[in-house]
1. From the phi angles alone, apply the Karplus equation (6.51, -1.76, 1.60; θ = phi - 60°) to the range 103-108 and give each ³J(HN,Hα) in whole Hz, x where the residue is Gly or Pro.
2. Going by average Cβ density within 10 Å per residue, which order do the peptides 150-156, 312-318 take, highest to lowest?
3. Sequence gap of 8 or more, or different chains, plus Cα separation below 26 Å: how many lysine pairs satisfy both in the chain?
4. For the range 281-414, with only Lys/Arg (+1) and Asp/Glu (-1) charged at the beta-carbon, what is the dipole magnitude about the Cα centre, in debye rounded to 20?
5. For the range 241-381, restrict the atom set to alpha-carbon positions and state the Rg and Dmax in Å.
6. Given the protein chains as shown and a 1.4 Å probe, how many square angstrom of residue 77 are accessible, to the nearest 10?
7. Given the DSSP H assignment, sum -39500 (n - 2.57) over each helix run of at least 4 residues in the chain and divide by its residue total; what's the result at 222 nm in deg cm²/dmol, nearest 500?
8. Mind jotting down the distance between the C-alpha centroids of the range 271-297 and the range 90-106, whole Å?
Amino acid sequence: MSTDRKLHIGLSLTPTWLKGQRPHPDEALSAGMGPVEYYVELARLAERAKLDFVFRPDYLVMNQAMVAHSSTHVGLDPTMMLAAIARETEKIGLVTTASTTFNQPYIVARQIQSLHWISNGRAGWNIVTSIEGAENFGTEPMPSPEVRYRKAAEFTDVVRQLWQSYPGVSSAVRSLDHAGEFFGVKGPLNVPGHEAGPPPLFQAGASEIGRSFAASVADATFAAMPDMSDGIELRTDLRNRAVQQGRSANAVRVLPGLYFFLARTRDEAWKLHERAHAHLTRERRVEALKSVLGLDVGALAPGSRVTADLLPASDHPVRSRTHAELLRRFIAANSPTVEEVLARPEVVGSAHWVSVGTLDDVLNDIVQRFEAGALDGFIALPGGSVGSLNLFFEELVPELVRRGLFRGDYEGSTLREHLGIH
C-alpha cells in the first residue's frame, strides 16, 4: 500500500504506562535518573523513529491524586523541559503547552520564540484555555468557556503580531500598540523571528467554540475522538470551517490521541488494559461521570438504559465541554446501559481513541481511520507496559513506513517542514 498522503505522528511525553514497568518517570529519581534525562531518552527514541514531534501537556494545578500515587512525581514546566531536550536532539519537533487564560502574551511569545531559536526551528505551541487552576492566579472564579476562548483568540493574535514585530535579525522592528478587551501590549518583541518561520500552532478542544477557534488559527488540533464516526465528522467539519475562514481545507491537521495497548496476543493486550483501569471503582466512575456530564447514575441499575431524556441541559456546568459533547452524542445515538457509559473513554480516561490488541489489530485500526478520512495522524500514548512502547517503536512505525504511510527519514529539519506547512 502506498499513498502520497502521509501520517503525522507525535509522541506525548507523559507516563501513560503502568508503574513497575521500567523505565517509568515517577520512578526515575529513585533509580538515579532525573526526570529531564528520562524524557530526553524518550525524545531520542521518537527521533530515531522519525516522528514529527514530541508533545508535553501541562496543568497549572497540583495533582493531589498523582502525588499520592507517587512521591517522586515531578511536574516540570514544559517549555523549560523541552529547551533541555532541544540540546540533546537534532530534528524532532518540540511542542510545548501554554495557557491563554493565566499567562501574558508577551511572555509566551518570548518563551516560545526562544525555544524556536534554541531548537533551530523546531518549536510549536499547544494553545490551551485551561479548565482548572483559577485558584492559583487570584480570587476570581474560572471564566466561562466563551470568555476563555474570546481571550484565547485575542491572546493568540497578539502573540502572532509580536512574532511579526521583529521578523528577523536584520529586519526592521515595529510596535503593536495593541489595546483590546483583555490585553494591552505595545511591543515589539525583543527576540527576532527564526528563518524557519513562525512556530506552528496546535490546539486541543473539539467543542463548538473550540472548533471555530481551531479552524481560524491552528495548524493542527489534538482532537478527542473515541469513535471513528466522531473523527470523520470532526475532520470534515474542521475542513469546511477552515475554508469559510479563508484558509485551505488542509490547513488544520487532525491528530487524535491514540491510547494503545500493544502485545503479542489479544488476551495479553486486554489484560494490560484491564490492569490500567483496575483502580477505577464503580463509585469513582460514577463521580467521574458527574464531573464530565453532570449526570448522576449512582441509583440506576447496571443494566438500565441511559437515554437522551436523562441528560442535563446542554449548558449545565461541566469540567470539559469537549468531553461532555462527545458523551452526549454517544448517549443520544445509542441509549447505552449504565455500565457501558461508565466504561466510556470520556469517563475512565480523557476521551482518547483507545486501540487494544496485537500489532496487526492496532495497525489495521490506524489504517482504517486514516483511509476513512477520520484523521491526519495521531499522538502516540503507549499504554499498559514498556513492552507496548517498544512494539510501537520497533515494529508498528517501521510497518507504517513499509506500507508507504509514514516517512522513512526526515526530509527537513524543522517542525514546519515535518508538518508540510509552507
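The values are calculated or read from the model by the stated rules, or taken from the named source; none is laboratory data. Since the model is a prediction, treat every value here as computed from it, not as a measurement. Cβ sites come from the backbone with ideal geometry, for glycine too, and all protein chains shown count toward neighbours. Remember, those area values only see protein heavy atoms, side chains included, never the ligands or the DNA or RNA. Shrake-Rupley method; radii C 1.70, N 1.55, O 1.52, S 1.80 Å.
1. Running phi through 6.51 cos²θ - 1.76 cosθ + 1.60 with θ = phi - 60° gives 10, 10, x, 4, 5, 5 Hz.
2. Those peptides, ordered most packed to least, come out 150-156, 312-318.
3. So the count of such lysine pairs works out to 5.
4. In debye, rounded to 20, the range 281-414 gives about 460.
5. Cα-based Rg and Dmax for the range 241-381 come out at 17.2, 51 Å.
6. Accessible area of residue 77: about 80 Å².
7. Value at 222 nm, helices only, nearest 500: -12000 deg cm²/dmol.
8. So the separation of the two Cα centres works out to 31 Å.
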